[in-house]
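Down below is the structure, laid out as structure tokens.
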Amino acid sequence: MVEINLQGIVVIVGNYGSGKTEVSINLAVNKKRSGVEVQIADLDLVNPYFRTREARSQLSEIGINMALPPEEYLQADLPILSPVVAGLIKNPVELTIIDAGGDDAGATVLASLADAFKGKSFHMLQVVNPLRPFTQTVKGCLKMRSEIETAAKMTINGIIGNANLIDETSPEDIYSGYEFVKLLSQESGLDLKFITVSSQIFHEIDISRISCPVLKIERQLVPPWKKAVELK
Amino acid sequence: MGKVLMKGNEAIGEAAIRAGCLNYFAYPITPQSEVAEYLSRRMPEVGGVFLQGESEVAVSYMIFGAAAAGARVFTTSSSPGISLMSEGVSYITAAQCPAVFVNIMRGGPGLGGILPSQADYLQATKGIGHGGCRLLVMAPAGVQEAVEMVMMAFPLAEKYRNPVIILGDGLIGQMMEPVEFPDSLGSEPSNKDDWATTGMDTRKSTKRNLVRSLFLDPKQLNENNLVLKAKYERMKEEEIRYEKYNTDSDYKVLIVSYGTMSRVCKTAIDQLKEEGLEVGLIRPQTLFPFPEIAVRKTAEKDSCKAVISIEMSMGQMVEDVQMSIQGKLPVSWYGKCGGDIPTPEEVIDAVKGLNV
Amino acid sequence: MGKTFKKPEALSDQIMHYCPGCTHGVIHRLVAEVIDELGIRGRTVGVAPVGCAVLAYNYFTFDFQEAAHGRAPAMATGIKRVRPDLMVFTYQGDGDLASIGMGEIIHAANRGEKFTTIFVNNAVYGMTGGQMAPTTMPDQRTTTSPFGRNVEDVGMPIKVAELLAALQTPGYIVRQTVLKPKYINRAKKALKKAFTYQMEGRCFSFVELVSTCPTNWGLTPVEAVKWAEEKMLPYYQLGEFKTPDQEE
Amino acid sequence: MQSEVMFAGFGGQGILLSAKILAYAAMEEGMEVAWVPSYGPEMRGGTAYCTVVVSDKPIGSPVIRNPLHLVAMNRPSLEKFAPVVKPNGVILINSSLISIVSGRNDVDELIVPVNDIATKLGNVRSANIVALSAFVARSKIVDFDILRESVKKEFSKKAKLIPLNMEAVKAGEEAGKPKG
């Protein structure tokens, strides 16, 4: 299996529900396990549910540092942009993941951090789940891309394929999702960085059919009647 | 001062003044506008505050602001107006401020009509505001009792630091009966230094008071709710009030009824007695907390074969009656809800229709 | 050596939660300074808004009440009517004051309620995530006007100070800004005047402050100031629109 | 013993006021009393009516469909309510405005041209006091002296109206006295 080759600052963007946060958390864990120093910042000021911060205790247990607003405001319906985030961008570690909010609205916050990004090189990756509204066609994905780029005043330079129907994902969905993002990559000229596969069906996938890196997703953001996969 | 003849609405206004409440904010709505009209004359006489707000929504927050500043304060309205105030009621309850609301109910839903009704029972007892807030709900059956309940309401609101609502119907607001006012009460909540925003200077304190209802930490919010719940439980222990009528007899039917409707039922019970059918009545004076145990025990008499809830609504209190009876006897409902108060004859027919 | 900089007594030690480049911090400080200078901390009650400043009470050191969205002027009316000796102010944003609370502010102003309103206008709903406000500029993009505010569809931004100044009841109505140091002194003077009128029991006082929201505007703090100066100030002109002295 | 009086007429004929004075007099006499108006649109120019319940024990239902007595100040009121009056009650008919009779033979029908009497006294607005006085004189529902005092008290704040209304009480009493 091909290793995911990413370092420096990685900004994760995408439309609402594309799976940015799950991807960010799992990417962080994956790299941390391979010995890389990882930091993660939760920049999702718009959506108050299913944010990276919900996994903060699991992540800190395995030594991943997370930039968040002060504890007392974590459940607040307040768009608090912690000054810590700018610091984290200015002084990145081996892998610094910035999990932005959904759509162009969530990405707007990135524009206010332009000073911190100045002179830095970074990856800005668009997460695509072709099984979500607005990103079921190449055209839709490209529209989303340009809207996010306009709001963030930054340029997307890679994509992450995250085809899934959560618990109802079949291997067929993974294969066709892979074909879709490959096509998207060709048409847009954007690098396909990796695709994701849930650990639940990972063993059913014929990995030889996939030539890009694959990130195994151990689901963290679950409703309360389900248990998140334990991270070790 | 002896008896005076007063309209329910005027008497409610006067009772508040006698209860030491010199602050009134309101918005006109039939059939309770006479409270505002009366107090617009009386408040200046006693050096009190009278203000007609721009809407019921605004009024509920004027009440909140004044209550949070430690003043004894009240408002009156009618059904649609109370709906508009329900947002403020929820905030006041969450912030644990004392205040008194009076709802002189009219027919609904929607704009409904202006005639008497008891269609806000469920709103008052179970859904007065978002977030699961509860008010102590008292229901008078006449002008004298309305006066007494208004005068009790202020100390109770302060005892619990929770709003109290008086649920009257349009008839109680509009009819005149002789009333005698109990002794006047002192004027301000006695425990206010602990919580009211009176300005630190007035308390000679460096500790500031904060009146709020936002609790971002789920644990804190749960704790605040536990405090509220404990108050509701204490109300159940200490504040339940009810009256019984003809329950010394071997009644075959027990009527549960409140407010104006209960008076019609009393007349019907007198007439049925003459015809040889004994019927008992239990009249909840507090609707929340509901006299659940008293209703059940009163229905447990051997002679009693059926229970009927008679209301000027399409059957709201009957749900509490059913819960109280716990399936031990058949519980039925009779009522009307258009402003047409059922007559004693109609009540008699409803009771006879039970075939006990 | 004397202290050249100290924190006003009316301001707490709590670190503010506001985003970098947000003007709430500056305004809080000005309010605290004015309260200190007038020596009224012990008889002041603030009314906190719904909006980004919902937790404003954490940063002040006097009695506070928390209002529902738009209702602060009604609460302040309640306080001031029953306790005329208290100094009362509401602190409100544009979504709060100019949209859901428009009825409350107009009527409080028109009744001449003797409290002070501080109106922070940053042309956007901050707390709920950058939606269009009544004061959003023409063509300004927000999360609910993704193609820019279309004035054909939703009308022109509301100039609240001018609107209130049109009322016949005497009042003190002023608009200032805290975008740059040169403006800050004027803003503070306006606040002090507003509180002074209240102390004297003269009239309703209203201080609108043109402000920024870099986070929701998607601009750096420096760009945000520039944008506000270029786009907002020509439309939201600074100055006193009404003083009670004029009426007499 | 409980009796009920329904006062009915046009809005503006002083229906609520005469009912209120009767309620007040009954209270002064130590009786239980309830004054129950019709309210709302009827108050604004249509048919207004008001019931006074007087009893020597606590009043149950204040809502009365079949009153013992009726004071009808206009024709629609008489047509509407005469049929529901209980037997043996008094029906006062304001013959200045009503050209018909009740059609009941089981009641005491009292026909008084109250508007004409009031006009003769100098002000038609005292017609309600004429009617009230005539009704009380006939029904004896309260002591007449107490009624007289109650009228006086009602107008105590408008002292210049007292002489006129005292005349109206007297004229009403005369008109209401049983004939012969």
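The values are calculated or read from the model by the stated rules, or taken from the named source; none is laboratory data. Keep in mind it's a predicted model, so treat the numbers as computed, not measured. As a convention, Cβ positions derive from the backbone with ideal geometry for all residues, glycine included, and neighbour counts pool all protein chains shown. Remember, those area values only see protein heavy atoms, side chains included, never the ligands or the DNA or RNA. Shrake-Rupley method; radii C 1.70, N 1.55, O 1.52, S 1.80 Å.
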Worksheet item: Quick one: buried accessible area between B and C, total over both chains, 1.4 angstrom probe, nearest 100 Å²?
Response: 2600
Item to complete: Would you mind classifying the stretch A:8-217 by shape? Square roots of the alpha carbon gyration tensor eigenvalues, ordered a ≥ b ≥ c; an a/c under 1.5 is rounded, otherwise it is prolate if a/b is larger than b/c and oblate if not.
Response: prolate
Worksheet item: Net charge near C:Thr77, counting Lys/Arg +1 and Asp/Glu -1 over other residues with Cβ under 9 Å of its Cβ?
Response: +1
Worksheet item: Using the Cα gyration tensor of the stretch D:66-122, with a ≥ b ≥ c the square roots of its eigenvalues, what is the shape: rounded (a/c below 1.5), prolate (a/b larger than b/c) or oblate (neither)?
Response: prolate
Worksheet item: What is the stretch A:151-209 by shape, rounded, prolate or oblate, if you read a ≥ b ≥ c off the alpha carbon gyration tensor as root eigenvalues and call it rounded for a/c under 1.5, prolate for a/b larger than b/c, and oblate otherwise?
Response: prolate
Item to complete: Could you give me the percent of Cα pairs per 5 Å distance bin for the stretch D:2-176, shortest bin first, beginning at zero and ending with the bin that holds the maximum distance?
Response: 1, 10, 19, 23, 22, 16, 7, 2, 0
Worksheet item: So what's the gap between the Cα centers of the stretch A:22-51 and the stretch C:61-83, to the nearest angstrom?
Response: 42
Item to complete: Would you be so kind as to list the residues of the stretch C:33-65 that have their accessible area lowered by at least 50 Å² in the full protein complex compared with their chain by itself (1.4 Å probe)?
Response: C:Gly42, C:Leu55, C:Tyr57, C:Asp63, C:Gln65
Worksheet item: Size of the dipole of the stretch D:2-176 about the Cα centre, Lys and Arg at +1 and Asp and Glu at -1 on the beta carbon, nothing else charged, in debye to 20?
Response: 540
Fill in: For B:Ser262, net neighbour charge (Lys/Arg +1, Asp/Glu -1) across residues whose Cβ lies under 9 Å away
+2
Worksheet item: Quick one: which of B:324-330, A:72-78 comes out on top by average Cβ neighbours within 10 Å, and what's the full order, highest first?
Response: A:72-78, B:324-330
Worksheet item: For the stretch A:8-217, which whole-number percentage of the solvent-accessible area (1.4 Å probe, protein heavy atoms only) is attributable to carbon and sulfur atoms?
Response: 51
Worksheet, complete the sentence: Partner shielding of A:79-86, as the mean number of partner chain Cβ atoms within 10 Å, equals 5
Discussion item. With angles folded into 0 to 90 degrees, how steeply does helix B:33-46 sit against the dominant principal axis of chain B? Use alpha carbons for both and round to 10.
Written reply: 40
Practice prompt. Scan chain C and note any complete DSSP helix (H) whose C-alpha atoms cover at least 20 Å along its axis and whose Kyte-Doolittle average is -0.5 or more.
Written response: C:24-38
Discussion item. Can you tell me the orientation of helix B:259-275 relative to chain B, as the angle in degrees between its alpha-carbon axis and the longest Cα principal axis, to the nearest 10?
Written reply: 20
Fill in: At least 24 Å along the helix axis (C-alpha) and Kyte average at least -1.0, DSSP helices within chain A
A:171-188
Worksheet item: Considering the dipole of the protein assembly as shown built from charges on the beta carbon (Lys and Arg +1, Asp and Glu -1) around the Cα centre, which of D:Ala8, A:Val214, D:Pro178 is farthest to its positive end?
Response: A:Val214
Fill in: Base-10 log of normalised Debye intensity for the stretch A:1-57 (one unit scatterer per alpha-carbon) at q = 0.15, 0.26 Å⁻¹
-0.46, -1.23
Discussion item. Averaged across orientations, what area in nm² does the convex hull of the alpha carbons in the stretch C:115-189 project?
Written reply: 6.7
Practice prompt. Would you please put D:117-128, C:148-159 in order of how densely packed they are, using the mean number of other Cβ atoms within 10 angstrom per residue and starting with the highest?
Written response: D:117-128, C:148-159
Worksheet item: Nearest-5 percent of antiparallel DSSP beta bridges in the protein assembly as shown?
Response: 25
Fill in: Efficiency of FRET between A:Asp115 and C:Ile100 - r from beta-carbon atoms, R0 35 angstrom, step 0.05
0.55
Worksheet item: Longest exposed-loop-site-free stretch of chain C, with chymotrypsin sites (Phe, Trp or Tyr not before Pro), DSSP loop and at most 11 other Cβ within 10 Å?
Response: C:6-146
Worksheet item: Dipole magnitude of chain B about its Cα centre, charges +1 at Lys/Arg Cβ and -1 at Asp/Glu Cβ only, in debye to the nearest 20?
Response: 1000
Worksheet entry | For the protein assembly as shown, alpha-carbon Rg and Dmax in angstrom | 36.2, 124
Worksheet item: Cβ under 12 Å from A:Lys216's Cβ, A:Lys216 left aside: what net charge do those residues give with Lys, Arg +1 and Asp, Glu -1?
Response: 0
Practice prompt. Give the cross-link partners of D:Lys153 among the lysines, using a straight C-alpha distance below 30 Å as the criterion and excluding same-chain residues fewer than 8 apart.
Written response: B:Lys3, B:Lys7, D:Lys20, D:Lys57, D:Lys120, D:Lys140, D:Lys170, D:Lys177, D:Lys179
Response to the item:
Bridge orientation stat for chain B from DSSP, antiparallel percent rounded to 5, came to 25
Item to complete: Calculate the mean, over all residues of peptide C:218-225, of how many other protein chain Cβ atoms lie within 10 angstrom of the residue's Cβ.
Response: 5
Worksheet, complete the sentence: Note: chain C, point scatterers on Cα, Debye, no solvent; log10 I/I(0) at q = 0.12, 0.15, 0.16, 0.17 Å⁻¹ equals -0.63, -1.01, -1.16, -1.32
Worksheet item: With every protein chain present, what is the per residue accessible area of the stretch C:99-174 (1.4 Å probe, Å²)?
Response: 38
Fill in: DSSP beta bridge pairing in the stretch B:242-352, given as percent antiparallel to the nearest 5
25
Worksheet item: Using a 1.4 Å probe on protein heavy atoms, which residues of the stretch C:68-87 have at least 40 Å² less accessible area in the complex than alone?
Response: C:Ala68, C:Arg71, C:Ala74, C:Met75, C:Arg81, C:Val82, C:Arg83
Practice prompt. Please get the size of the charge dipole for the stretch A:161-232, origin at its Cα centre, with Cβ charges of +1 on Lys and Arg and -1 on Asp and Glu, quoted in debye to the nearest 20.
Written response: 340
Worksheet, complete the sentence: For C:Lys242, counting only lysines whose alpha-carbon sits under 21 Å away and dropping same-chain residues fewer than eight positions off, the answer is C:Lys114, C:Lys159, C:Lys188, C:Lys189, C:Lys192, C:Lys193
Worksheet item: For the stretch B:244-356, what does the equivalent ellipsoid look like in terms of its semi-axes, each the square root of 5 times an eigenvalue of the Cα gyration tensor, given largest first in whole Å?
Response: 18, 18, 12
Discussion item. What are the equivalent ellipsoid semi-axes of chain B, built from the alpha-carbon gyration tensor (square roots of five times its eigenvalues), in whole angstrom, biggest first?
Written reply: 36, 23, 18
Practice prompt. Can you grab the distance from the C-alpha centre of the stretch C:185-246 to the C-alpha centre of the stretch A:200-232, Å, no decimals?
Written response: 53
Discussion item. Can you list residues from other chains, or at least 5 along the same chain, whose modelled amide H is less than 5 Å from the amide H of A:Glu94?
Written reply: A:Glu37
Worksheet item: To the nearest 10 degrees, how steep is helix B:143-160 against the longest Cα principal axis of chain B, on a 0 to 90 scale?
Response: 50
Discussion item. So, for the stretch D:11-160, what is the accessible surface per residue at a probe of 1.4 Å, expressed in square angstrom?
Written reply: 43
Fill in: Summed buried accessible surface, chains D and B, 1.4 Å probe, nearest 100 Å²
1800
Item to complete: Scan around B:Leu115 for amide H atoms under 5 Å from its own, H built in the peptide plane at 1.01 Å from N, and keep only partners 5 or more places away or cross-chain.
Response: B:Gly107
